[in-house]
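Notes to accompany the following structure.
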Amino acid sequence: MDKTPEQLFEENLGWAAMLARNVHRKIPPSFDLCDLEQVARIELWRRAQIYDPVKNDNFRGYAYLPVRGACLMSVRRRAFLHATGEQLDENLVDGQALPDQMIQQREEDGYRRQMLALFQLIKSLPIDQAYLVRRVYLNGITPEVVAATWGVPKARVSSRLSAAVRALKQAASNPAPAAPKARSGDRLIFGSHKARAV
């Protein structure tokens, strides 16, 4: 038996509040969480009224984007300025600073910080391990290609790569002073084969 709009609304109130909290975590704290939760409830009610289970048998899947979008739209340019006293970037589309653009910028900034931290960790590895990590994980070269290039068994390359990954994880969880950087004349040794470090 299909549920009534009132039943759908009541059953999903907690879920809508969770969506509002997720949006609230990514915007300045001067925005009131209760306001966002109210916006989410209003949109949830609207969606419950027009929901057709014949067209979509997953109510939350159907309502997710409208409810989250309503929360984001409620903190557009005018609301942002009122809540924070800060002007937003004037170069955004149609002069409207949308929260999803703010969120994307913060995520990109976080990604850049993570990559810088990763590069610092890689620099702390022994030169052969650092080389392998850069070639395989940053340049997309497979261990098989590295092994063929240096004329060594793939198992040796895989073993050193695994050791590098373990060292990175350990360094990430227990920061320690970085090892001395490789000098430009240093070389990598794989078996009897040599190659300049890059």
Legend entry - Separation of the Thr142 and Ala155 label points, Cα + 7 Å toward Cβ, nm: 2.0 nm
Inset, instruction - Multiply the residue separation of Arg46 and Lys26 by 0.36 nm, subtract the distance between their alpha-carbon atoms, and state the gained length in nm to one decimal. - result: 4.7 nm
Legend entry - Gained length - Glu10 relative to Cys34, 0.36 nm times residue gap less alpha-carbon distance: 6.9 nm
Inset, instruction - Could you work out the local net charge near Ala48, counting Lys and Arg as +1, Asp and Glu as -1, over the other residues with Cβ closer than 13 Å to its Cβ? - result: -1
Inset, instruction - Go through region 158-166 residue by residue and turn each phi into a ³J(HN,Hα) via Karplus (6.51, -1.76, 1.60, θ = phi - 60°); whole Hz please, and just put x for glycine and proline. - result: 4, 5, 5, 5, 4, 5, 5, 5, 4
Inset, instruction - Count the net charge of all other residues whose Cβ sits under 10 Å from the Cβ of Pro143, scoring Lys and Arg as +1 and Asp and Glu as -1. - result: +3
Inset, instruction - List the residues whose amide H sits under 5 Å from the amide H of Ile141, counting only those 5 or more places along or on another chain, with H placed 1.01 Å from N in the peptide plane. - result: Val136
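Computed from the coordinates by the stated procedures, all read-outs in this text should not be read as laboratory data. Note that the structure is predicted; figures quoted are calculated from it, not measured. Note that each Cβ is placed from the backbone with ideal geometry, even for glycine, and that neighbours are counted across all protein chains shown.
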